[in-house]
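Remarks on the structure that follows.
Bear in mind these aren't lab numbers, they're just calculated from the coordinates by the rules spelled out. Keep in mind that this is a model prediction, so the values were computed, not measured. Positions of Cβ are backbone-derived with ideal geometry, glycine not excepted, and every protein chain shown enters the neighbour counts.
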Protein chains: 2
Amino acid sequence: MKSNEIKEAALKYFTIHGYEGASLSLIAEAVGMKKQSIYAHFKGKDDLFLQVLRDAKETELSSKLQYFSKIDSQNPEKDLYGFLQLVIDLFQKNEQLKFWLRVSFFPPAHLAKAIDKEVIDIEEKVQAILESKFQGWIDAKAIVGDVAKTPTFAFLGVVDSIMLELVYGNDEKRLKDKLEASWTVFWRGISHR
Amino acid sequence: MKSNEIKEAALKYFTIHGYEGASLSLIAEAVGMKKQSIYAHFKGKDDLFLQVLRDAKETELSSKLQYFSKIDSQNPEKDLYGFLQLVIDLFQKNEQLKFWLRVSFFPPAHLAKAIDKEVIDIEEKVQAILESKFQGWIDAKAIVGDVAKTPTFAFLGVVDSIMLELVYGNDEKRLKDKLEASWTVFWRGISHR
DNA sequence: CTCAATTTAACGAACGTTCGTCAGTTATAT
DNA sequence: ATATAACTGACGAACGTTCGTTAAATTGAG
């Protein structure tokens with residue numbers, strides 16, 4: 001399907017140059033066609049962008065949900081660190097998470113409303129499932145007793161900081177150092193002893 | 001000075017719409033002139049952008065350096081939490097930090113090299129001073145013994161996550177919750193007990 | 001199985017607009 | 001009178017989009 005090739009190229013340009021900086025002519029060129037031909041597959045630039053957005057959302061959401069459904073272990077240390085690894089993997093395996101990060105924080109103004117809806121949707125779901133996991137670990141006394149929201153938000157903060165480091169990109173060593181540091185302090189902050 | 005008015009308006013548009021999405025005509029209109037008149041003050045769009053960038057860099061750097069020079073206390077809990085408050089204040093008081101965050105992580109491609117240089121410069125300085133502070137606290141046994149890099153990177157992660165929450169913006173309550181959660185866990189993670 | 005009818009996907013050409021930039025001119029103020 | 005800062009006008013280039021056309025692929029009835 002040619003539509004997927006277009007979306008793939010569009011994802012790349014939107015990620016690197018943003019909505020306004022990405023031109024249909026360059027996207028078309030990347031898949032070997034003229035910009036007018038894009039209109040045989042999409043109603044316009046907005047339509048293309050929103051379809052790319054929804055694909056990226058679905059990929060991210062399903063990846064995370066799948067991870068949480070797979071683990072039912074009583075080992076928060078392994079599960080949480082594994083989640084951080086998952087985020088890193090997702091980020092490096094495809095462009096979609098980077099695209100998602102960019103547009104969720106710096107959306108094109110005229111689509112901000114529509115984007116925000118998707119962002120809030122995915123955010124609430126991940127937060128809810130994470131919070132219930134933490135509640136379970138608290139009840140099992142696997143981590144320190146507290147409101148479940150506290151470790152949840154703190155962990156989401158660690159995820160965010162790792163993603164920022166991934167966006168920043170170039171330095172593999174620095175990423176590893178930051179991950180290790182954030183994880184060490186975070187885990188010490190929620191575990192017993 | 002009219003140049004400052006132009007830079008002020010440009011900062012706004014660059015922050016909201018990015019480099020490519022910001023137009024000189026709208027910037028000029030915001031200060032009550034035609035876009036061609038901007039060329040009496042700046043050599044072009046790139047020049048305007050880079051001057052805004054350097055202003056933002058200087059504001060951020062001097063604010064942070066000033067904070068660190070003011071505190072010589074032996075109380076890391078107060079000093080570090082105060083730094084987070086400083087970041088929040090900076091973010092809400094002027095647009096420059098938001099602009100800085102946007103362009104440092106999603107720079108216009110043709111200026112990426114120049115931007116990166118400034119970003120790395122500021123980053124190294126803040127990291128260096130922070131690391132020496134942590135080293136002092138470790139030596140004074142005010143926080144748990146470790147390589148100074150670990151709490152430094154972890155703290156920088158907290159700062160990043162708070163800044164992301166600020167960018168995301170709308171929800172004041174959520175910001176407070178996230179700050180409290182990240183700080184609680186972080187402090188527990190580096191303090192004795 | 002055939003062949004005409006329809007749909008699909010690409011095209012070139014052009015639309016109106018906006019972009020950043022440059023040149024020349026006028027107004028303001030020292 | 002000189003310099004600074006605003007203006008008008010215009011430039012080529014690029015933008016997203018629409019149009020009409022063509023060639024290939026798909027469909028459906030005899």
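Tabulated data for the structure shown
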quantity: Candidates A:57, A:43, A:133: whichever shows maximal mean-square fluctuation once chain A is modelled as a Gaussian network with Cα springs under 10 Å; calculated: A:43
quantity: 24 Å Cα-Cα reach of residue A:173 towards lysines, excluding residues that sit fewer than 8 places from it in its own chain; calculated: A:78, A:93, A:98, B:113, B:117, B:125, B:133, B:149
quantity: Residues B:188, B:174 arranged by fewest to most Cβ contacts within 10 Å; calculated: B:174, B:188
quantity: Note, ³J(HN,Hα) from phi for segment A:14-20, Karplus 6.51, -1.76, 1.60, rounded to Hz, x at Gly and Pro; calculated: 4, 5, 7, 10, x, 4, 5
quantity: Per the axis that maps chain A onto chain B, nearest residue of A (Cβ criterion) and its distance in Å; calculated: A:189, 2
quantity: Label-point separation in nm, residue A:70 to residue A:1, each point 7 Å along Cα→Cβ; calculated: 2.5 nm
quantity: Relative contact order, percent, chain A [alpha-carbon distance under 8 Å, six or more residues apart]; calculated: 20 percent
quantity: Calculated [θ] (222 nm, deg cm²/dmol) that DSSP helices of n ≥ 4 give over chain A, each run adding -39,500 (n - 2.57); calculated: -26000 deg cm²/dmol
quantity: Integer Hz, Karplus 6.51/-1.76/1.60 couplings in order for segment B:50-64, x for Gly and Pro; calculated: 5, 5, 4, 4, 5, 4, 4, 4, 5, 4, 5, 4, 5, 4, 6
quantity: Chain B, dipole about Cα centre (Lys/Arg Cβ +1, Asp/Glu Cβ -1), debye to the nearest 20; calculated: 200 debye
quantity: Whole-Å distance, taken between Cα centres, linking segment B:1-76 and segment A:2-67; calculated: 32 Å
quantity: Pseudo-label separations to other copies for residue A:141 - Cα-to-Cβ vector, 7 Å, nm; calculated: 3.1
quantity: Per-residue average of Cβ from other chains inside 10 Å of B:182-193; calculated: 6
quantity: Label point 7 Å beyond Cα along the C-beta direction, distances from residue A:85 to other copies (nm, shortest first); calculated: 4.1
quantity: Peptide B:143-154 - average C-beta neighbours from other chains (10 Å radius); calculated: 4
quantity: Gap separating the Cα centres of segment A:99-175 and segment B:136-192, nearest whole Å; calculated: 16 Å
quantity: Computed FRET value (nearest 0.05) for residue B:81 with residue A:43, which takes r as the C-beta separation and R₀ as 30 Å; calculated: 0.05
quantity: Nm distances between copies for residue A:69, ranked from closest, using label points 7 Å along Cα→Cβ; calculated: 5.8
